[in-house]
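In what follows, a single structure is set out as structure tokens and then discussed.
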């Protein structure tokens, strides 16, 4: 219990403290320290969960499904904080952001981590909504940090689209509460996920199916499912690089986590109707649509961060598809994919930040010969893109392979669509990557101080997970799979 | 609804019709008096409209040489159609022989007939103002009619009939109930009534500026007894709408039997209701300004919207399962 | 059960809900910015009145508190904040020419009918008198969305968004006798913070494109940049 409270409250305390710190160097170090402490608490919590199974109390609840996401969030938060400390000093020195902007940045960074950890550890559907909305609000000012017209436009689009999406998700939550009140003995517990899960089969199916549609559209906007994805490429490309890393790596996961939690409620309630797999089918539909559309859009991109954010949409689509497919194999694959995608994507965005710093621009056409200019950045980018495209022996290959296997068993014809999508995305990524890393370095490209430690750590982890998943992680993911689908894989 | 075919019931029916013709100038006089008082004048006496009609009936009627026989026939058609329409709306008594034809659709149809001939008469002589008035009148009524029908449907759906007397009967049987559909239908019908009878803010009945006229422009060429009939028809139309709104939305006091005390009470009740409605109209006319013509469609769109929301709230909120 | 069988106070709740629907149409039709803010304030007051009367009618005292919070935030605080913003942005006399008002009105009516159809299977069991209001609240949410889509001015879009939140609050009150207090306070806090951030945004937008016409925010598109 203590571990849980510490994990959630340390970022909150950090946010409050950082709002008061004026000097930029001190803020950078404080940010780093708070993130490290938070990661430590998350590890402690994970150990407790492995021992005990689940921790609940004060309407918090951490079980096998949420704990590994909590650890992942804290870890990526920490490594990005390591990257952001020197990076933001450079940004401030360049004049792209003001000192006041930096204070807002650091305070909002920790506030954002707080809201995400709150969303992952709460048992109350209403608090889940409040936390996800809070995450949106915390990041919206950060997207427009650089105050260029494009940044302000991206932040406005992000605010409006995600605001509308979350309003629809709130309507879905209200409908869920409505359904709960009909069947629960204690109506005021109608928003507690664990109580609802216990009585999920009795919830009215008509209400729950309408509620799920609203919730999927609502939280799906935050996941970046096509056609509600319009805010994602803009917000991820116009914000500062550390922000892109955590948005792509963490927030999308939290939104998908919310969708899956709600699917766990809807499936038993629809089990007795004429369309028992409605929730899964909707997820599969949105998932495969996002996967294919994003893969196609990848080819058109001229801005490096936009390209990688479409890659995020594509992978989230794949995960949504896998969760929709259901069954232990696909769910295990999706959970593993959430983990490795987060690590790889945040590493890529960090590397891209350095690459843009070297070239002075984010335009793909003007970034050239990275391996010649600064080999560690060039090679990291190459390896990162290889990882994200699904090359063995990286972890993404394992999870994508498992998804394909599950699809072949469940929906054989869709395997073809998935393979086509994978090939299209692969082609798009490498087509843009090749001139960026190889070739001669143009005039004006010079080395920059870059700490590649976070990137190396992430990519090594992804490699390790691809080669051999450690026992405790496999068991943990297996327990999560059992929680979601009711059956073990291993 | 059994209607006695006795002489007394037919006599009462004819009496109700005559009541309209007799009382509508009084209503108009009352409205003008209240307006004058609000404008800090003493105003003409309340019986002045009677004197005006009497004077006009006595004067010689001058007809333009370009007028066709339609021009001469139109005042009679308009008067009779409007009077017949008014006769279908119960004033004091619900149970009467004319009730069975007192269908709201018939009412709307008769008023449309009157309006049609009025518009033709306006264009008949060939003056510019007449044509202008006719086209404006057609614009207003084309937009007002859907709103009126929608409001009527809302009332008819809850009472399961379009017969005016049955609707009033149903309203009386239900008692005092706060129903959103009634509220919105009342709003819509009130706005339509203002537009159809040519009151501010749609049309100023007392204007002398031809370019701002709608109804007055169509009767500009009439004189003598023709003008008297046209003016009287307009006054009966106003009384008709007043009685319709008063008896449908505030039906208390209407007699449902032939007993003299009930009839007496009904007479007093209707006079009181008309007086209140007339005063409210006078206040509205004093407070609001006349809208320019291109804003009249927005006004009528508001009326349609109110009627539509009334119908929707009836379906959504009122008819439970 | 039909409305005629309900006691008077409960009928009043249904009348208030219908007037809230009417107010969202009124909100949609305003072209002057200041009158839009006033229309929104009236909508907020009506939406706060619904739980207050429902509390009196159904004897649910905790609804009084949420009615009070809504009244303070939606009918007083947020309109006041918007007024201040409009004054600082010098938009007090701003009139926006509405695009295709007749079409927008028709779409709004279609949305009302759509929400009714959507909610129909749910309220078949009509256990309490407030269940029917769920259709009205969904309609208010969708009409708020329509307002966001059809307006060019940023402040008007924010008012559409706030109107969506009004509809959501009405849904929470009508379908469920009010959400738990923690959630209601959280949602209210979120709305308030969103309002503050919108205020900050207006200034940022105006600084970058020198107007608040969001149609001019069009540099980020998928076509060739």
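Here, each number is a calculation from the coordinates, and none is a lab measurement. Predicted model only: the values in this text are computed from it and were never measured. With ideal geometry, Cβ positions are generated from the backbone for all residues, glycine too; neighbour counts draw on all protein chains shown.
Numbers below:
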| item | result |
| --- | --- |
| Sites residue A:409 and residue A:56, calculated FRET efficiency, Cβ-Cβ separation with R0 51 Å, nearest 0.05 | 0.90 |
| Angle between chain B longest axis and helix B:260-287 axis [Cα atoms, degrees, rounded to 10] | 50 degrees |
| Spacing of the two label points (7 Å from each Cα toward its C-beta) at residue C:87 and residue A:100, in nm | 2.1 nm |
| FRET E, pair residue B:108, residue A:194, Förster distance 60 Å, beta-carbon r, rounded to 0.05 | 0.45 |
| 0 to 90° range, to nearest 10: angle between helix A:64-94 axis and chain A longest Cα axis | 20 degrees |
| Spacing of the two label points (7 Å from each Cα toward its C-beta) at residue A:299 and residue C:60, in nm | 5.5 nm |
| Estimated FRET transfer efficiency when R0 is 51 angstrom, pair residue B:42-residue B:135 (beta carbons, to 0.05) | 0.85 |
| Averaged over A:132-138, number of beta-carbon atoms from partner chains that fall within 10 Å | 3 |
| Region C:3-210 - percent relative contact order, Cα under 8 Å, separation 6 or more | 24 percent |
| Average other protein chain Cβ within 10 Å of Cβ, residues A:150-159 | 5 |
| Cα-based shape type of the protein assembly as shown, given that a ≥ b ≥ c are square roots of the gyration tensor eigenvalues and the cut on a/c is 1.5 | prolate |
| Order by protection proxy (mean Cβ within 10 Å, highest first), peptides C:162-173, C:91-102 | C:162-173, C:91-102 |
| Rounded to 10°, Cα long-axis angle of helix B:224-249 versus longest principal axis of chain B | 20 degrees |
| Gaussian network model of chain B, springs between alpha carbon atoms under 10 Å - residue of B:256, B:48, B:39 with greatest fluctuation | B:39 |
| Computed [θ] at 222 nm, helices only, for the protein assembly as shown once each DSSP H run of length n ≥ 4 contributes -39500 (n - 2.57) | -25000 deg cm²/dmol |
| Contact order normalised by residue count of chain A, Cα under 8 Å, 6+ apart, percent | 14 percent |
| Averaged over C:135-145, number of beta-carbon atoms from partner chains that fall within 10 Å | 3 |
| Relative contact order computed over region B:7-318 (Cα-Cα under 8 Å; 6+ residues apart), in percent | 30 percent |
| Cα gyration tensor shape for region B:18-116, rounded if a/c is under 1.5, else prolate or oblate | oblate |
| Mean Cβ neighbour count within 10 Å, used as a protection proxy, ranking A:374-387, C:201-214 highest first | A:374-387, C:201-214 |
